[in-house]
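The values are calculated or read from the model by the stated rules, or taken from the named source; none is laboratory data. Every value quoted in this text rests on a predicted model; they were computed, and no experiment measured them. Virtual Cβ from ideal backbone geometry, glycine too; neighbours counted across all protein chains shown. Please note that ligands, DNA and RNA were not included when accessible areas were found on the heavy atoms of the full protein model with its side chains. Shrake-Rupley method; radii C 1.70, N 1.55, O 1.52, S 1.80 Å.
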Amino acid sequence: MGYVAVKGGTQAIEESIQRLKYERVKKGKVMEVDSIVCGMRGLIDQVMSESSLYSETLAAIAIKQAEGNPEEAVFLMRAYRSTLPRKHYSRTVLSDDMRVERRISASFKDIPGGQILGATTDFIHRLIDFDLMDETEEDAKQWLHAFECQVEEEGPDKTDLNKLPKVLDYLRAEGLISECQEDDEEPEDVTRTSLNFPASRSERLQVLTRGQTGAVTAFAYAVIRGYGQLHPTVGELRIGDLPVCIDNPIGDSDPDDAYYIGEIKVTEVEMLIPVTIEKEHGRKEIEFDIGYGICYGQNETKAIAMGILDNSLNTDHPEFPSQDQEFVLFHIDSVEATGFVSHLKMPHYVTFQSKLDSVRKTRRNRNEEREGENR
Amino acid sequence: MNIAYNFAFFDEGSKREIRRATLKAIAIPGYQVPFASREMPIARGWGTGGLQLTLSLIGKNDILKVIDQGADESVNAVNIKKLVAKTTGVKTVDDTAEATLIQSRHRIPEIPLHEHQILVLQVPLPEPLRYFEPSEFITKHLHAEKEYSGSWLMLFEQIMKYGNMSTDADHPVMVHDRYVMAPSPIPRFDNPKMDHSDALILLGAGREKKVYAVPPYTKVVSLAFDDYSFEVERFEGACCRLCGAEDVFLDELIQEETGETLHQCNDTSYCISRLNEGSASTTRTAAKIGGVAE
């Protein structure tokens with residue numbers, strides 16, 4: 001009988017996993033995935049957006065497994081995403097085709113098609129609603145019935161929500177912002193090739209839309225507070241469903257043969273950013289730049305922040321870290337940032353021993369020097 | 001919802017792509033090849049670069065060993081081993097000589113590796129020039145132009161400040177007289193093992209999305225000056241309290257009761273195999289003398 005390695009690590013992990021499960025279920029109740037889908041729209045949207053994986057059901061399972069911790073839920077979703085082969089690429093999706101639920105402009109009061117407030121927390125008072133403590137499904141159903149009756153009474157709205165004109169098109173027609181060319185170049189895929197700098201716009205937009213909500217917001221806040229000197233305006237913010245189609249896999253790319261595979265809800269933002277342009281003889285003029293943001297689900301702050309950063313990163317001469325592509329794009333990913341910060345919990349015995357040796361060596365040399373001088 | 005995972009977690013397309021990056025890395029020793037690093041079921045910074053290399057390379061007949069800071073039984077090593085075993089069903093071992101694929105964090109095993117083994121090292125920061133240049137765009141240019149004054153100046157400044165090179169783990173090396181490379185945070189003690197190694201050494205940085213390699217029998221030199229030579233960690237006559245080994249990397253332990261400093265092999269499987277060799281000969285002798293069946 002020889003020596004065997006002590007299997008401490010294996011056992012410790014098993015026990016820790018047990019304990020984790022205990023923490024999740026110890027109160028004797030489990031949360032149904034269905035109730036997460038029905039009641040945690042905000043968290044689901046955030047998790048889907050940061051994971052860049054659109055599935056409410058998967059997000060709900062991940063949220064359940066992660067006990068509601070978004071960083072952990074996003075991690076689960078991203079790891080699952082790695083196992084999915086790319087079977088199809090969708091046809092180009094045009095945001096003009098959005099079935100709009102909410103749409104506002106901060107630039108103009110009267111926009112063609114009108115402002116549509118839709119569902120927003122912007123104008124609720126943030127007072128905790130203690131009635132929710134005892135809300136029952138029966139209450140919800142009653143309320144829903146009354147609401148639906150009211151909608152029916154009022155009759156259908158005249159506005160065609162499927163074909164609302166873009167606010168920016170209106171500005172273009174007025175000549176207030178310059179025309180922009182359609183860019184039909186195949187976008188680079190940051191999940192299939194790693195970033196090179198300077199990053200292309202398609203790469204920048206992808207990294208921003210996958211970014212951790214808090215990180216994207218914080219960097220954009222820095223831009224408008226002073227590290228970027230911008231005061232942008234929301235040209236248009238819209239939320240709604242976009243249809244996604246794929247080409248017939250055995251046919252050509254005739255749009256009439258394309259298959260409709262479903263729809264995704266997104267938040268889309270077009271920011272207007274005033275810039276000073278130097279004309280001939282030092283004459284200066286103000287023009288509007290565009291910043292574009294789009295996220296899965298209803299993630300308004302993040303989409304606006306993305307629009308600000310899209311514009312902020314669109315410079316070859318960064319003055320501030322918030323304009324530096326590497327500084328922003330390398331540090332806003334949830335999985336990467338949380339992973340590397342948390343890795344500090346791992347043992348560093350060898351590296352520390354090596355550091356210790358180095359410190360001792362330096363001291364030893366110093367002492368020897370000093371002794372030499374004294375002699 | 002019942003979803004099964006593919007062999008070795010990834011879809012085959014992803015594995016092939018990582019292997020292509022790996023082949024390029026082997027063809028250009030020491031050059032950091034960017035690759036489309038995937039998110040893994042373990043956290044970024046916890047060995048995802050190494051794990052992706054392992055999963056892209058592993059076949060059904062491979063024998064896997066995973067170590068973390070020298071130990072097979074460290075929680076993170078166990079966790080990685082568990083994931084690979086769960087998604088592949090391959091045999092895992094502690095014995096370094098028996099393994100065909102060895103994934104390691106911050107150590108190269110004590111026993112020399114052989115031709116039929118691949119060592120995969122986990123890398124937190126693959127860019128050796130990052131200490132003095134934060135921009136990836138610029139470091140890429142510096143490598144392309146073989147402009148390594150920064151590395152030399154870094155070491156020179158350490159000598160000016162501290163009287164010697166004060167690097168700890170991850171002391172930069174020159175590979176094949178071309179690229180300065182971060183050997184990953186292995187102690188300086190392990191740097192010489194990279195030089196003309198019989199085994200292929202692959203290095204994977206998951207979060208930083210880079211793969212690089214030291215092919216077998218490649219020249220690897222730790223950066224140093226003629227008058228300030230490269231020095232490995234010294235243990236001043238200390239030996240392992242268990243197996244008595246001397247010329248190995250030792251962990252420093254403090255005995256709670258006496259406050260005495262003790263040393264022990266950092267490479268746990270090396271220590272155990274030495275102990276077993278010792279005990280095997282004694283038992284055999286004992287068996288012979290007492291006539292007891294083994």
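Within the range A:48-94, the residues that satisfy the criterion of being away from chain B (no Cβ under 14 Å) and assigned to a helix (DSSP H, G or I) are A:Met48, A:Ser49, A:Ile63, A:Pro70. Hey, among the residues in the range A:333-354 that are at the interface with another protein chain (Cβ under 7 Å from one of its Cβ atoms) and of a type in the set (Phe, Trp, Tyr), which one's most open to solvent (accessible area, probe 1.4 Å)? If we take residues in the range A:333-354 being at the interface with another protein chain (Cβ under 7 Å from one of its Cβ atoms) and of a type in the set (Phe, Trp, Tyr), then A:Tyr349 is most open to solvent (accessible area, probe 1.4 Å). Does A:Ile111 satisfy the condition of being more than 22 Å from the chain's Cα centre (by Cα), crowded, with 17+ Cβ neighbours inside 10 Å, part of a loop (DSSP other than H, G, I, E, B) and at pLDDT below 90? Yes: the conditions hold for A:Ile111. Let me spell it out: the conditions are (1) under 30 Å from A:Gly251 (Cα atoms); (2) in contact with a helix residue (DSSP H, G or I) (Cβ under 8 Å, 6 or more places away or on another chain); (3) within 13 Å of another protein chain (Cβ to nearest Cβ); (4) modelled with pLDDT under 95, and A:Ile13 meets all of them except one. Which number is the exception? Single failed check for A:Ile13: (1).
Each row is one residue, and each column tells you yes or no for (1) open to solvent by 30 Å² or more (accessible area, probe 1.4 Å); (2) within 12 Å of chain B (Cβ to nearest Cβ).
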residue	(1), (2)
A:Gly293	no, no
A:Glu300	yes, no
A:His331	yes, yes
A:Leu356	yes, yes
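Return yes or no: is B:Thr258 among the β-branched types (Val, Ile, Thr), under 21 Å from the mean Cα position of the chain (by Cα) and over 29 Å from B:Tyr162 (Cα atoms)? When the stated conditions are applied, B:Thr258 does not pass them. Right, A:Arg375: at pLDDT below 90, at the interface with chain B (Cβ under 7 Å from one of its Cβ atoms) and open to solvent by 70 Å² or more (accessible area, probe 1.4 Å) or not? Spelling it out, it is not the case that A:Arg375 is at pLDDT below 90, at the interface with chain B (Cβ under 7 Å from one of its Cβ atoms) and open to solvent by 70 Å² or more (accessible area, probe 1.4 Å).
Tell me whether the range A:63-84 contains one or more residues that are touching a residue at least 24 places away in the same chain (Cβ under 8 Å), β-branched (Val, Ile, Thr), within 28 Å of A:Lys21 (Cβ to Cβ) and out of contact with any strand residue (DSSP E or B) (no Cβ under 9 Å at 6 or more places or on another chain). Among the residues of the range A:63-84, at least one is touching a residue at least 24 places away in the same chain (Cβ under 8 Å), β-branched (Val, Ile, Thr), within 28 Å of A:Lys21 (Cβ to Cβ) and out of contact with any strand residue (DSSP E or B) (no Cβ under 9 Å at 6 or more places or on another chain), which makes the answer yes. Among the residues making up the range B:9-36, a single one is open to solvent by less than 20 Å² (accessible area, probe 1.4 Å), at the interface with chain A (Cβ under 7 Å from one of its Cβ atoms) and within 23 Å of B:Val173 (Cβ to Cβ): B:Phe35. Among the residues of the range B:230-240, those that are surrounded by 10 or more Cβ atoms within 10 Å (Cβ to Cβ), within 14 Å of chain A (Cβ to nearest Cβ) and not aliphatic (A, V, I, L, M) comprise B:Phe230, B:Glu231, B:Glu233, B:Arg234, B:Phe235, B:Cys240.
A:Asn365: over 22 Å from B:Gly45 (Cβ atoms), in a helix (DSSP H, G or I) and not aliphatic (A, V, I, L, M), yes or no? Yes; evaluated as a whole, the condition is true for this residue. Go through the range A:302-327 and count every residue that is within 13 Å of another protein chain (Cβ to nearest Cβ), closer than 21 Å to A:Ser194 by Cα and either assigned to a helix (DSSP H, G or I) or open to solvent by less than 10 Å² (accessible area, probe 1.4 Å) (or both). Matching residues across the range A:302-327 total 3. Counting only residues that are surrounded by fewer than 11 Cβ atoms within 10 Å (Cβ to Cβ), in a loop (DSSP other than H, G, I, E, B) and in contact (Cβ under 8 Å) with a residue 24 or more places away in the chain, how many does the range A:233-262 have? Residues flagged as surrounded by fewer than 11 Cβ atoms within 10 Å (Cβ to Cβ), in a loop (DSSP other than H, G, I, E, B) and in contact (Cβ under 8 Å) with a residue 24 or more places away in the chain within the range A:233-262 amount to 2. Looking across the range B:185-223, the residues that are away from chain A (no Cβ under 14 Å) and either of a type in the set (A, V, I, L, M, F, W, C) or in a strand (DSSP E or B) (or both) come down to B:Met194, B:Ala199, B:Leu200, B:Ile201, B:Leu202, B:Leu203, B:Ala213, B:Val214, B:Val220, B:Val221, B:Leu223. Determine which member of the set A:Val269, A:Val207, A:Val190, A:Val275 is of a type in the set (A, V, I, L, M), within 14 Å of another protein chain (Cβ to nearest Cβ) and free of Cβ contacts under 8 Å to residues at least 60 places away in the same chain. Answer to the check: A:Val190. Kindly provide the set of residues from the range B:245-278 that are among the small types (Gly, Ala, Ser) and either open to solvent by less than 30 Å² (accessible area, probe 1.4 Å) or in contact with an Asp or Glu (Cβ under 6 Å, 6 or more places away or on another chain) (or both), ordered by number. Once the filter is applied, which keeps residues that are among the small types (Gly, Ala, Ser) and either open to solvent by less than 30 Å² (accessible area, probe 1.4 Å) or in contact with an Asp or Glu (Cβ under 6 Å, 6 or more places away or on another chain) (or both), the range B:245-278 yields B:Ala245, B:Ser269. Is there a residue in the range A:65-83 that is open to solvent by less than 90 Å² (accessible area, probe 1.4 Å) and modelled with pLDDT under 90? Taking every residue of the range A:65-83 in turn, at least one turns out to be open to solvent by less than 90 Å² (accessible area, probe 1.4 Å) and modelled with pLDDT under 90. Would you say B:Lys161 is assigned to a helix (DSSP H, G or I) and over 26 Å from B:Phe10 (Cβ atoms)? Considered against the rule, which asks whether it is assigned to a helix (DSSP H, G or I) and over 26 Å from B:Phe10 (Cβ atoms), B:Lys161 comes out as yes.
Residue check: is A:Asp310 in the same structural domain as A:Ser202 (by TED's automatic domain parsing) and closer than 23 Å to A:Arg238 by Cα? So A:Asp310 fits the description; yes. Return the residues of the range A:30-58 that are hydrophobic (A, V, I, L, M, F, W, C), without any contact (Cβ under 8 Å) to a residue 60 or more places away in the chain and under 18 Å from A:Ile239 (Cβ atoms); say none if nothing qualifies. Those that are hydrophobic (A, V, I, L, M, F, W, C), without any contact (Cβ under 8 Å) to a residue 60 or more places away in the chain and under 18 Å from A:Ile239 (Cβ atoms): A:Met40, A:Leu43, A:Val47. Taking A:Leu20, is it within 24 Å of B:Gly49 (Cα to Cα) and either open to solvent by less than 80 Å² (accessible area, probe 1.4 Å) or away from chain B (no Cβ under 13 Å) (or both)? Against the criterion (within 24 Å of B:Gly49 (Cα to Cα) and either open to solvent by less than 80 Å² (accessible area, probe 1.4 Å) or away from chain B (no Cβ under 13 Å) (or both)), A:Leu20 does not qualify. Selection of the range B:9-31 for residues being in a loop (DSSP other than H, G, I, E, B) and closer than 26 Å to B:Lys82 by Cβ yields B:Phe10, B:Asp11.
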